[in-house]
1. Helix 90-102 sits at what angle to the longest principal axis of the chain, using alpha carbons and giving 0 to 90 degrees rounded to 10?
2. Find the accessible area per residue for the chain; the probe is 1.4 Å, ligands and nucleic acids are left out, and the unit is Å².
3. For the range 137-224, rounded, prolate or oblate, judged on the Cα gyration tensor with a ≥ b ≥ c (square roots of eigenvalues), a/c < 1.5 rounded, else prolate if a/b > b/c?
4. Under a cut-off of 18 Å between alpha-carbon atoms, report the aspartates and glutamates in cross-link reach of Lys204, not counting same-chain residues fewer than 8 places apart.
5. Relative contact order for the chain: what percent, with Cα pairs under 8 Å and sequence separation of 6 or more?
6. Could you pull out every one of the lysines with an alpha carbon less than 20 Å from that of Lys38, ignoring same-chain neighbours closer than 8 positions?
7. In terms of the Cα gyration tensor, with a ≥ b ≥ c the square roots of its eigenvalues, is the chain rounded because a/c is under 1.5, prolate because a/b exceeds b/c, or oblate?
8. In the chain, with Lys and Arg counted as +1 and Asp and Glu as -1 at Cβ, which of these residues, Val443, Ala400, Leu192, has the Cα nearest the positive end of the dipole, that is, farthest along it?
Amino acid sequence: MIALDLHQNDTICAAATPALPSALAVIRVSGRDALAIKEQVFSPKKGVQKFFVATFGDVTGIDEAVCVAYPHGKSYTGEAAFELSVHGSPIVVQEVLKKLQDAGCRMAEPGEFSLRAVLNHKMDLCAAESVCDLISARSKEAAQVALRNVKGGLGKFLQPTRSCIVDVLCEMEARLDFPDEDLGEKQKERLLLDMENAAKLLQKLLDGAELGQKLIEGARVLLFGLPNAGKSTLLNTLLGQERALVHHLPGTTRDVVEALLVLGGIPVSLVDVAGIRDVQIAETVEALGIEKAHNEMERADAILWLIDATDTDAAKQTYLESLIQTIQAPVLKVFTKTDLLATKDFLKSPFEDGVLISAKTGAGIKELHAQVLQLLRKDASGQQEILLTRERQKVQVQIAHESLLLARKALQIGEADEVVASELRVAGEALDKLLGKSINQDVLDLIFSRFCIGK
Ligand SMILES: Nc1nc2c(ncn2[C@@H]2O[C@H](COP(=O)(O)OP(=O)(O)O)[C@@H](O)[C@H]2O)c(=O)[nH]1
Ligand SMILES: [Mg+2]
């Protein structure tokens, strides 16, 4: 992609809604000449009431529209801007955009409005990233986490840590000029305590990062097992609809079937694949299906190993057992078809380390939900208001956390002030990168290229 323009000398335009027939479409314009361009393309209807900054009128020769104008400093981007709500016809949108370009606008790159908002200090970089998270949220919980960060929640959460770093750094730097003055035990204790509390806040963020990432990015849960174990039936039961083909003959599922289920706010892609058996014994099409199943094992965040409870011949599972051992993801054993078992069979030992279910009667399905959720959220401590949602964010918080602890240790054992100061500067820079206070073109390109055009 083209590198994003950091100079903001021009005026950009884009449709903020998809190119589909709809009731309304919104077209946004932002930049130095926005209000002059508005005068060229939009004429307010005479005698029509003007609502605050919104006006009804014509985009001359194309459509009737509502125009909302924002003076410099008051818009999403912080620049002069206006938005046209036109009729949602792709042709109308196309013609209005043409007209705007004739009047001097340039088509915006993906995320360019939000980039300008960051550059003009209307929001920090994490808030901008969260705009993207909010737009693509696949569960209510994901949307709520994203919205808190859109409102600057992460920046506010980090404020005490930033203040602590600045305080201690000031102290250290002041002392560099007066090396003979002693810090004093009391003052040193206070600084050590402040740094400990600041590090605890960062640790709290790191503890929640896995959950945050899963809420936004979702998780893949693989249904794994021998042919005929009941994988496709379970998929259908969990979804409450007939999504995958089910048959009593083994080898029915060949392709990968994927469906979305929201579990505890986490968008879970349930993945149903061919039953796994040793490829040598499977015929060609089935072998291709098994190959795909192997690939899915590598990608999965958790694996449900389905075992037909009416067929507990352990030797049949040996090959699967050897495969499972090569995989990082957590595995949960699920014994299926328990409706076919006599009560005494339930007491048999092979069922001890798994969940017993029947897709036919629904027995054990609630327990299965709970256990899958536990697999996915095992490292995430409790529900927390503010969560990191991106790997980029986690990396910077990790750097800040480590450096802060090193700085604290250095102060504690009486290392030179310069050592303490240098670690603190690393921590501060990491937080600056996190919030976009220090701008790096590559990082910006990466972040904003994920955005929709028009946002
Ligand atoms: N009685 C009973 N039969 C089941 C259950 N789950 C699956 N089956 C049957 O087992 C056979 C294989 O199921 P299927 O879901 O296609 O297995 P897959 O090969 O692992 O996808 C089908 O005849 C299903 O109707 C269950 O909970 N109870
Ligand atoms: Mg199947």
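The values are calculated or read from the model by the stated rules, or taken from the named source; none is laboratory data. As the structure is a prediction and not an experimental result, all values here were calculated from the model. Every residue, glycine as well, gets a Cβ built from its backbone with ideal geometry; the counts of neighbours run over all protein chains shown. The area values use the complete protein model at the heavy-atom level, side chains included, leaving out ligands, DNA and RNA. Shrake-Rupley method; radii C 1.70, N 1.55, O 1.52, S 1.80 Å.
1. The helix 90-102 is inclined about 30 degrees to the chain.
2. 49
3. prolate
4. Counting by Cα, and skipping residues close in sequence, Lys204 has these aspartates and glutamates nearby: Asp194, Glu196, Asp379, Glu385, Glu391, Glu402.
5. Answer for the chain is 18 percent.
6. Answer for Lys38, where 20 Å is the Cα cut-off: Lys46, Lys50, Lys74, Lys98, Lys99, Lys455, listed by chain and number.
7. Judged from the Cα gyration tensor, the chain comes out oblate (a/c at least 1.5, b/c at or above a/b).
8. Checking the options against the dipole of the chain, the answer is Val443.
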